[in-house]
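Novice: Below: one structure in structure tokens.
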Amino acid sequence: MVAPDRIVASPFQPRRHFDPEKLDELTKRDSHARNYRAADCAPVAGEFDEPRFELIAGERRLRAARAAGLTVVPVVVREVDDQRRSRCRWSRTSCARI
């Protein structure tokens, strides 16, 4: 479990528009961490007080978790290279196979 503020969105996120109505539905459905499906993240290199993670897959879920005020969310941390990160952004199925 990781605090949502320790997860940064990827600058390479292919999705540019997030439907507000669908985000609202997701926020209501996932208003408890136990209902939240884990986001795929990769560690961010650098010196921080606490570990930081780059979001690979699950930006809608992360946005909904933040909107719901969740203080922690489940994540799957993956050590992946840039090519695999790109594939994961387009297909969560590809990410699950890493």
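The values are calculated or read from the model by the stated rules, or taken from the named source; none is laboratory data. Nothing here was measured: the structure is a model prediction, and the numbers come from that model. Counting neighbours? That spans all protein chains shown, and the Cβs are built from the backbone with ideal geometry, glycine included.
Here is a yes/no grid of residues against (1) closer than 22 Å to V80 by Cβ; (2) in contact with an Asp or Glu (Cβ under 8 Å, 6 or more places away or on another chain):
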site	(1), (2)
R6	yes, yes
P20	no, no
E25	no, no
D40	yes, no
P43	yes, yes
E50	yes, no
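Here's the yes/no breakdown for (1) modelled with pLDDT of 90 or more; (2) assigned to a helix (DSSP H, G or I); (3) not hydroxyl-bearing (S, T, Y):
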site: S10; (1), (2), (3): no, no, no
site: Q13; (1), (2), (3): no, no, yes
site: R16; (1), (2), (3): no, no, yes
site: L23; (1), (2), (3): no, yes, yes
site: L26; (1), (2), (3): no, yes, yes
site: S31; (1), (2), (3): no, no, no
site: R34; (1), (2), (3): no, yes, yes
site: D40; (1), (2), (3): no, no, yes
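Novice: Can you tell me which residue within region 50-84, out of those that are of a type in the set (D, E) and not in a loop (DSSP other than H, G, I, E, B), is surrounded by the fewest Cβ atoms within 10 Å (Cβ to Cβ)?
Specialist: Among those residues, the one meeting the criterion is D82.
Novice: For region 1-32, give me each residue that is within 17 Å of V72 (Cα to Cα), over 13 Å from the mean Cα position of the chain (by Cα) and surrounded by fewer than 17 Cβ atoms within 10 Å (Cβ to Cβ).
Specialist: K28, R29, S31, H32 - these are the residues of region 1-32 that are within 17 Å of V72 (Cα to Cα), over 13 Å from the mean Cα position of the chain (by Cα) and surrounded by fewer than 17 Cβ atoms within 10 Å (Cβ to Cβ).
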